[in-house]
1. Please specify each residue of the range 1-49 satisfying the condition of being open to solvent by 60 Å² or more (accessible area, probe 1.4 Å), in contact with a Ser or Thr (Cβ under 8 Å, 6 or more places away or on another chain) and either within 20 Å of Leu113 (Cβ to Cβ) or without any contact (Cβ under 8 Å) to a residue 24 or more places away in the chain (or both).
2. Taking Ile52 and the conditions (1) open to solvent by 70 Å² or more (accessible area, probe 1.4 Å); (2) at pLDDT 95 or above; (3) under 23 Å from Lys119 (Cβ atoms), which numbered condition does it fall short on, given that it satisfies the others?
3. Restricting attention to the range 78-88, does a residue exist that is farther than 25 Å from Ala130 by Cα, more than 11 Å from the chain's Cα centre (by Cα), modelled with pLDDT of 95 or more and of a type outside the set (D, E, K, R)?
Amino acid sequence: MTYAKQYPIRWADLDPNGHMRHSAYNDYAAQLRLDYLTDAGFPLAQFAKLGIGPILFREDTRFLKEISPNELIKVDARLAGLSEDGSRWRIVHTVYKQDGRESATITVDGAWLDLRQRKLAVPPVELAQALSQLTHHSTYAPIERRPKAE
């Protein structure tokens, strides 16, 4: 499924030029990922119980059209990659202006961190399955796990 939500632009999201500041785009993408995980049965409290959490290795934002004050934006998430065990993932977010035009794309590469051992972790099967339910982005490709360093 393509997971998407709408968000109103707040005063705090604006820069001195009167349009949405660069880091706000990434904030909305992060919020959407957390909303998706919550809706899939993994709220923050569940991550605390499991002792794991999401981490990012890369966040690439491409700005296409400016967003103005008081716009209602839509942000979606599509899966662009997933390792076989669900330990690594890539998600592409598209941010849409109120009129439906694309405003930005945000690509994130992430994984799961064992919060006790501070090492990468394999998530529970249910969590990997939840991620795999996202609609695949046109660039989807399986992610190969890197071998452990000797």
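The values are calculated or read from the model by the stated rules, or taken from the named source; none is laboratory data. Keep in mind that this is a model prediction, so the values were computed, not measured. Every residue, glycine as well, gets a Cβ built from its backbone with ideal geometry; the counts of neighbours run over all protein chains shown. The accessibility values were calculated without ligands, DNA or RNA, using every heavy atom of the protein model including side chains. Shrake-Rupley method; radii C 1.70, N 1.55, O 1.52, S 1.80 Å.
1. Passing the criteria: only Leu44.
2. Only one criterion is unmet by Ile52, namely (1).
3. Checking the range 78-88: not a single residue is farther than 25 Å from Ala130 by Cα, more than 11 Å from the chain's Cα centre (by Cα), modelled with pLDDT of 95 or more and of a type outside the set (D, E, K, R).
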